[in-house]
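Encoded as structure tokens, the structure appears first; notes follow it.
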Amino acid sequence: MSDSILVTGGTGTLGRHVVGRLAEAGAGVRVLSRSPRPGTAYAFVRGDLTTGAGLEEAVRGVSAVVHLASDPRRPATDVEGTRRLVEAARAAGTGHLVYVSIVGVDRHPYAYYRRKYEAERVVEVSGLPYTILRTTQFHDFVLFLAQSLARLPVVPVPAGWRFQPVDTSEVGERLAALALGAPAGRAPDMGGPEILPARDLVRAYLTAAGRRRPLVSVPVPGKTAAAFRQGVHLAPGRATGVRTFGEFLAGRVAPGRPAAGYGAE
């Protein structure tokens with residue numbers, strides 16, 4: 001296969017799976033990075049979404065771009081970074097832009113989700129053939145939340161919140177298939193196999209880690225908390241993921257094992 005595909009965020013939690021799947025399929029993979037790393041099975045290319053530096057060269061000659069890079073700490077950069085990438089891809093005549101987003105971003109007031117929706121709109125009006133895949137929260141992210149809460153001697157858990165965690169390897173497989181296929185517009189949402197209360201997810205982590213902590217449900221005020229209670233971020237009709245959170249924990253968490261980090265890049 002002669003396809004060459006550029007992946008942003010290719011060294012992150014999700015990106016490593018996408019890059020691996022594309023390479024297994026025989027695609028030539030370029031990974032966009034501010035600090036290229038030579039000596040790997042695929043090519044790193046220097047580029048910066050925050051400034052636009054290097055993007056013109058990075059997209060030159062690729063058949064598709066898979067845009068995964070994101071930073072919840074600086075959500076506004078998601079929109080501007082996507083706009084810079086779109087401009088470069090359009091100028092290069094790129095035939096397919098694949099963007100990963102989050103279920104419910106068009107209805108959820110959480111600031112990061114709103115920026116993801118703005119980035120979706122940038123893609124949709126770009127004039128480029130595109131595919132957007134929305135997913136529920138990743139197992140890795142839910143684990144990070146549970147670990148963060150469990151640092152306290154009494155663990156506060158937002159009352160009424162539920163999550164539908166999905167495995168990043170399964171999302172990576174889906175994104176790779178979409179990137180190698182024809183542009184699909186808004187692809188069907190992808191959710192994990194179970195919808196579980198936040199309390200159950202935190203307790204599952206504590207059990208797997210061999211830790212004992214009392215849990216207390218904490219009512220959280222505001223529109224954002226209400227949206228999480230209402231399940232705006234869930235996809236009960238698209239529970240296509242297979243690996244459960246419990247199965248994920250069995251492979252990642254054990255008493256005395258150091259906690260792994262979470263990030264997009």
### Query
Is it true that Q147 is more than 17 Å from V242 (Cα to Cα) and of a type in the set (S, T, N, Q)?
yes
### Message
So D106 passes all but one of these: (1) without any contact (Cβ under 8 Å) to a residue 24 or more places away in the chain; (2) in a helix (DSSP H, G or I). Which condition number does it fail?
### Response
(2)
### Task
Would you please name the residue that is modelled with the highest pLDDT, looking only at residues in segment 4-25 that are more than 13 Å from the chain's Cα centre (by Cα) and over 15 Å from E173 (Cβ atoms)?
L6
### Task
Taking only segment 57-104 into account, find how many residues are more than 16 Å from the chain's Cα centre (by Cα), small (G, A, S) and farther than 24 Å from V232 by Cβ.
10
### Task
For residues that are of a type in the set (V, I, T) and within 13 Å of V123 (Cβ to Cβ), scanning just segment 61-97, find the one that is surrounded by the most Cβ atoms within 10 Å (Cβ to Cβ).
V66
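Does F141 qualify as being in a helix (DSSP H, G or I), surrounded by 16 or more Cβ atoms within 10 Å (Cβ to Cβ) and of a type in the set (F, W, Y)?
When the stated conditions are applied, F141 passes them.
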### Query
For segment 143-166, does any single residue satisfy the condition of being at pLDDT 95 or above and under 30 Å from S4 (Cα atoms)?
yes
### Query
For F248, all conditions in the list (1) closer than 16 Å to R134 by Cβ; (2) out of contact with any Gly (no Cβ under 6 Å at 6 or more places or on another chain) hold save one; what is the number of the exception?
(1)
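The values are calculated or read from the model by the stated rules, or taken from the named source; none is laboratory data. As the structure is a prediction and not an experimental result, all values here were calculated from the model. Cβ sites come from the backbone with ideal geometry, for glycine too, and all protein chains shown count toward neighbours.
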